[in-house]
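Supplied in structure tokens, the structure appears directly below.
The values are calculated or read from the model by the stated rules, or taken from the named source; none is laboratory data. None of these values were measured; they are calculated from a predicted model. Here the Cβ positions follow ideal geometry from the backbone for every residue, glycine too, while neighbour counts run over all protein chains shown.
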Ligand code: NDP
């Protein structure tokens, strides 16, 4: 049964006789490969010769060099980091699958197709099954018999069955056909926009607000760093609230807080929403994602040896905030 843009079921039989090559046995690859195998699918792993290769072998998979795995397969799940995928595709996948009559190439993110870093061959169905879940979460859901959300997209449909293959794969990796499981009919473009928009707006804004809050409370109001950090997220209350947002709804979960808290939140949301520069900043990020400015910036950063990435990582790690957090987490026995 499917409703509007929501898809709840996929036909597992459609891909049961295929050889499925999972390329990259990392966060997503390991989780998806294991769930596919548990669902009776014929899975081989393609990986570079490293600890992930050994782990896949230890966990009972046939492991091959990436090109060999693809040559054996009818479908490949390209589950290597987005920044290395174009080279893996060009060097090891395209050359061996170009002579096949039909091949299915699956992505877990829209990035490389949307920005044109990977240009698929004309013999391929190009599909996307992008979990809204980390690899460990996929395995946990699978163990407890529950599904999880995925965005589903089709970029190239030469067989006329690409959507069916995509929903079948979504069921194979445990997202559909189970309580809590849902696929959203989406696209490579949409997935890229919302994924990067999360990473460029509310996530850094959340961290920014922690940093500003910490600075003002500790340096200007003399509050202890421990109190501030526990208040912000170390207590785990934030994680509980986020869970209730998903279960009850963003505004319904207000009821779990005191009326003083509810009043404070509702009135201050109105204040923040009136800050024009905040809207402007969000729109600027959306524009830079859509027009490829960020993708170019990130590509250049990697080509020059990640100087900004490394400098900022060091700067944050050396900050007073990080030092206070380190002391607190050690005292709590978490480090
Ligand atoms: P990982 O960082 O876990 O890496 C996956 C695998 O790729 C690892 O086995 C890794 O080896 C291997 N690898 C790294 N570099 C190379 C290379 N140069 N050539 C060949 N293989 C290489 O990736 P993720 O699982 O995090 O991401 C895979 C895809 O899933 C991406 O498209 C990502 O956007 C998407 N995704 C990820 C989510 C997540 O939770 N992480 C959530 C949803 C989607 P090694 O371990 O040796 O580095």
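Report every pair of residues separated by at least 6 positions or lying on different chains whose Cβ atoms are under 8 Å apart, first residue within region 129-146 and under 12 Å from residue 34 (Cβ atoms), second assigned to a helix (DSSP H, G or I) and more than 11 Å from the ligand (Cβ to nearest atom).
Cβ pairs passing all conditions: 138/35; 139/34; 139/35; 142/34; 142/35; 142/38.
Still on this structure, please answer the following. Please verify whether residue 236 is loosely packed, with under 11 Cβ neighbours inside 10 Å, closer than 21 Å to residue 210 by Cα, free of Cβ contacts under 8 Å to residues at least 12 places away in the same chain and under 25 Å from the mean Cα position of the chain (by Cα), treating the condition exactly as stated. Show your work before the answer.
On the way: loosely packed, with under 11 Cβ neighbours inside 10 Å: yes; closer than 21 Å to residue 210 by Cα: yes; free of Cβ contacts under 8 Å to residues at least 12 places away in the same chain: yes; under 25 Å from the mean Cα position of the chain (by Cα): yes.
Taking the combined requirement at face value, the residue satisfies it.
Being assigned by TED's automatic domain parsing to the domain that holds residue 173, modelled with pLDDT of 95 or more and away from the ligand (no atom under 13 Å from the Cβ): is that true of residue 150 here?
Taking the combined requirement at face value, the residue does not satisfy it.
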